[in-house]
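Following: one structure in structure tokens, then a few remarks.
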């Protein structure tokens, strides 16, 4: 039993501020590096494709949005896994934690394989249906999507193993896997997109293959570590069958998160369809802007991951007071880090955008995106911490409702109103996105501080009784 678990069992609240801070950063820094490296996998391809042309940027952006929609279907399992494993670890039940891990793995893979097969056969129809696109953008996007979709099952393996490890308090393994993926992707993207080391230039298709091979490498490494190189929990896949009780527990917590992600991706697809109507330059600026923005928010994503894990463990140990202390400390350090990273977006937007493309009109337009998003980074990251805490407590419906209200009640209607009715164009879309982030922050902070999530502990006690 770890020192943390012993302290939490004897007196869950008997943790000094210094000890708490050390535990937070021991979990946050590997999670942060993992997320930065995962972002870099897409960013490297985006930067290289930015040298190929606007159609390459746009077509890959459309395809990636669909793969993210598929990812949303198994996000439910990832969130449920982190919470249930964290609770089991907090209660010092390694066997139960391992059982949840096994169930999550089998369930996620079976779901994502079925969806990937569907998208492969109907890739072109899916792009037409969702984006109403045509011509070269449709043709290139279809070719990219039919290859890229086979990277999603490998993403699922890494997502679930990462969720298991984070729930058990181990964020170093996901970080190590992300490091390997990034190295493989950089080398292969350079070789396949531009044609080096004996390969022919493949452009967009090369980006898809490079990403798939990198994701497959990471998945195999993550699975090997889970099976043979960790002792945090009992995890074996031999003869695993789905157990209805465990599946219900995982999905009961995770389904609202999946609904939140799917609603988000569907809304983003609608938004991208609006962006497409403003032309190739606007689409390229929007897609590369999303990538450039991640330079700011990815370093702070680890705080949301830590909030879910620490709150889950605190609930498993029976202490809402400890959970509140963790969230307060996480919010403080997230704010400090985000204030630093967001300053690059606000004060050097053209420099940051120039890292991803050398097309002058795309850089000029995209700078407006980064300034607006830079102003919204602090509320966006604090929202992530509060939502992570709510998920860790089992209150996953609140983030879903907040996300839906922000997207469908603010972002989408104001995007159409500002861009079309007021004539602001693509800048109107970005202004609406900024408004959405501030509204979500108000709702998520209010939900957390009202404290209804604490009632989940009473339900856990009643369930055990």
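The values are calculated or read from the model by the stated rules, or taken from the named source; none is laboratory data. Keep in mind that what you see is a predicted model, and the values were worked out from it rather than measured. When we count neighbours, we look across all protein chains shown, and the Cβ atoms used for this are built from the backbone with ideal geometry, even at glycine.
Within the set 147, 164, 157, the sole residue that is touching a residue at least 24 places away in the same chain (Cβ under 8 Å) and surrounded by fewer than 21 Cβ atoms within 10 Å (Cβ to Cβ) turns out to be 147. Any residue in the range 437-455 that is at pLDDT below 95, crowded, with 16+ Cβ neighbours inside 10 Å and more than 27 Å from residue 342 (Cβ to Cβ)? Checked the range 437-455: at least one residue is at pLDDT below 95, crowded, with 16+ Cβ neighbours inside 10 Å and more than 27 Å from residue 342 (Cβ to Cβ).
Looking at 300, 259, 285 in this structure, which one is under 22 Å from the mean Cα position of the chain (by Cα) and either surrounded by fewer than 19 Cβ atoms within 10 Å (Cβ to Cβ) or at pLDDT 85 or above (or both)? Sole residue among the options that is under 22 Å from the mean Cα position of the chain (by Cα) and either surrounded by fewer than 19 Cβ atoms within 10 Å (Cβ to Cβ) or at pLDDT 85 or above (or both): 285.
Is it the case that the range 354-376 has a residue that's within 17 Å of the chain's Cα centre (by Cα) and either free of Cβ contacts under 8 Å to residues at least 60 places away in the same chain or assigned to a helix (DSSP H, G or I) (or both)? No: zero hits.
Being surrounded by 18 or more Cβ atoms within 10 Å (Cβ to Cβ), under 21 Å from residue 270 (Cα atoms) and in contact (Cβ under 8 Å) with a residue 24 or more places away in the chain: is that true of residue 137 here? Against the criterion (surrounded by 18 or more Cβ atoms within 10 Å (Cβ to Cβ), under 21 Å from residue 270 (Cα atoms) and in contact (Cβ under 8 Å) with a residue 24 or more places away in the chain), residue 137 qualifies.
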